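Okay, structure first, notes after.
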Amino acid sequence: MNNNPNSQCNYKVNAPYPPICVNGQNAVYASEMLSNVGGVVSEMSDVSRYFYNAVVTGQEYNSIAECFHHISIVEMHHLNIFAELALLLGADPRLWSGRTHKHWWTPAYNQYPREMRPLISCSIKAEQEAIYKYSKQADSIRDRNIVAILERIILDEERHIQIFNEMYQHI
């Protein structure tokens, strides 16, 4: 894991994020970005998951709690990026998803294990699902600006899997 829990570079890849811009408004792409904001597999789900994980692990596993806390901050940055993209693409960036019928984000989207191995396993699975989703989006979206952002965020999600795998090995 990380010997310096206050160093942000360890919780995200040391590479700049592309500028947040789009080629123009696009309802289909906006819907995809909204799903990254407030869908089942979304940055809001990750932020809330890692917030919870940091709280419940804090008393017994302080360094793991610190990792979850800092990763939640990285996920908050991703949440902001996707919300800004949705807005630029013409959508109202609320915590919801769906094209015609909107579904509000809910904390019921997350599981809440308290035992360490399941807690970390759920975190790994969530990152894998995000990578799969963002990769599919990057393959189908034809706006190079959005694709570059998705590819950059995927790098952070891959880094999170590395961290979670290290946690799992230490438990």
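Of the residues making up region 104-121, those that are loosely packed, with under 13 Cβ neighbours inside 10 Å and either among the aliphatic types (A, V, I, L, M) or in contact with a strand residue (DSSP E or B) (Cβ under 7 Å, 6 or more places away or on another chain) (or both) number 2.
Here is the figure for region 122-151: residues that are within 13 Å of the chain's Cα centre (by Cα), open to solvent by less than 10 Å² (accessible area, probe 1.4 Å) and within 21 Å of P16 (Cα to Cα) total 5. Within the set of pairs 6+ apart or on separate chains, which have a first residue in region 118-144 that is touching a residue at least 24 places away in the same chain (Cβ under 8 Å), a second that is open to solvent by 70 Å² or more (accessible area, probe 1.4 Å) and not polar (S, T, N, Q), and C-beta atoms under 7 Å apart? From residues that are touching a residue at least 24 places away in the same chain (Cβ under 8 Å), the pairs are I120/Y168; I131/E158.
Every listed requirement among (1) in contact (Cβ under 8 Å) with a residue 24 or more places away in the chain; (2) open to solvent by less than 40 Å² (accessible area, probe 1.4 Å); (3) more than 22 Å from L155 (Cβ to Cβ) is met by A65 save one, (1). From the list L79, L34, L85, the lone residue that is more than 14 Å from the chain's Cα centre (by Cα) and either touching a residue at least 12 places away in the same chain (Cβ under 8 Å) or open to solvent by less than 60 Å² (accessible area, probe 1.4 Å) (or both) is L85.
The values are calculated or read from the model by the stated rules, or taken from the named source; none is laboratory data. Given the structure is predicted, the values throughout are model-derived calculations rather than measurements. Neighbour counts are summed over all protein chains in view; Cβ atoms, including those assigned to glycine, are modelled from backbone coordinates with ideal geometry. Side chains included, ligands, DNA and RNA excluded: accessible areas come from the protein's heavy atoms. Shrake-Rupley method; radii C 1.70, N 1.55, O 1.52, S 1.80 Å.
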